[in-house]
Amino acid sequence: MKNFVLSLVAGALLLALASPVFAAGRLDRRGAAIVPIAALTALGDQAALARALEAGLDSGLTVNDIKEVLIQLYAYCGFPRSLDGLNTFMGVVEKRKKAGKNDPEGEQPRPLPAGADRKAIGSATQTALLGRPADAPVYAFALGIDQFLKEHLFCDIFSRGVLSAQERELATIAALAALPAYGQLKAHLGFSLNTGLTPEQLDEAVVILTEKAGEAPGMLARATLEKMLAERQGK
């Protein structure tokens, strides 16, 4: 019975990951707005982040969409950057309210069902993103990181809804380029393709990253994207 349930979970996740969110060839306004928000959060540039948050709300992101981006980023750039970003966002929302702009709250995060098998759900999500079961030696070397990745990041966080898998990966690659974290950036660029994002859409994300977060993150993202695509084509 457990294997049957796991198969259903994995199948549902794969369908969700493959569902197109963006029009072919272009990022939508939501995706384009998420890239600078994530990168500037990772960089800790609060003044620039405040402007990106304003632009994100004006582009159609809801308050809960942006909260979810900033919450997820603690897993990639730490609680300090995430909390600083959330405090900046709180100030932006309050300033807009005083100016008469009542931004929509948006979708609420989904709780996990009672008794949910967090490891099984996280493993299915991780496998769908990676395209195969994760078997890197580091997971055997540090069992705790394998547990936290599966049960917390890929279950607790990714199961909250609000953002699509594509939007979560856009936020992740933007933050990883800004940090920088080359190895993880390369991996997540590959994950992004597995969610249904196209090379053209990732190229557009790199252009936005360069314009909004600076040449260093943009150059790293460009070189890493080209390397990842070349390796995929060489398979």
**Message:** Under the 0.36 nm per residue contour assumption, what length would be gained going from the current alpha-carbon distance of LYS227 and ARG51 to full extension?
**Reply:** 60.2 nm
**Asked** Per the Kirkwood definition applied to all pairs of different Cα atoms, how many angstroms is the hydrodynamic radius of the range 38-194?
**Response** 16.5 Å
**Prompt:** Of all the C-alpha pairs in the range 119-228, what % are more than 22 Å from each other?
**Reply:** 33 percent
**Item:** Label point distance in nm, GLU107-SER59, each placed 7 Å from Cα along Cα→Cβ
**Value:** 1.8 nm
**Cβ-derived FRET efficiency at R0 25 Å, HIS152 paired with ALA216, nearest 0.05** = 0.25
**Request:** Kindly state, as a whole number, the per residue volume in cubic angstrom of the convex hull around the alpha carbon atoms of the range 60-114.
**Result:** 94 Å³
**Request:** Holding the Cα-Cα limit at 26 Å, pick out from LYS67/LYS98; LYS95/LYS212; LYS67/LYS212; LYS150/LYS212; LYS186/LYS212 the pairs that are longer than that.
**Result:** LYS150/LYS212
**Message:** To make sure I understand the rule: partners must be aspartates and glutamates, Cα under 18 Å from the Cα of LYS119, and not fewer than 8 residues away in the same chain. Which ones qualify?
**Reply:** ASP135, ASP146, GLU151, ASP156
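Taken together, the values in this text are just the output of simple stated rules run on the coordinates, not laboratory data. Source: prediction; values computed, not measured. FYI the Cβ positions are ideal-geometry reconstructions off the backbone, even for glycines, and counts take in every protein chain you see.
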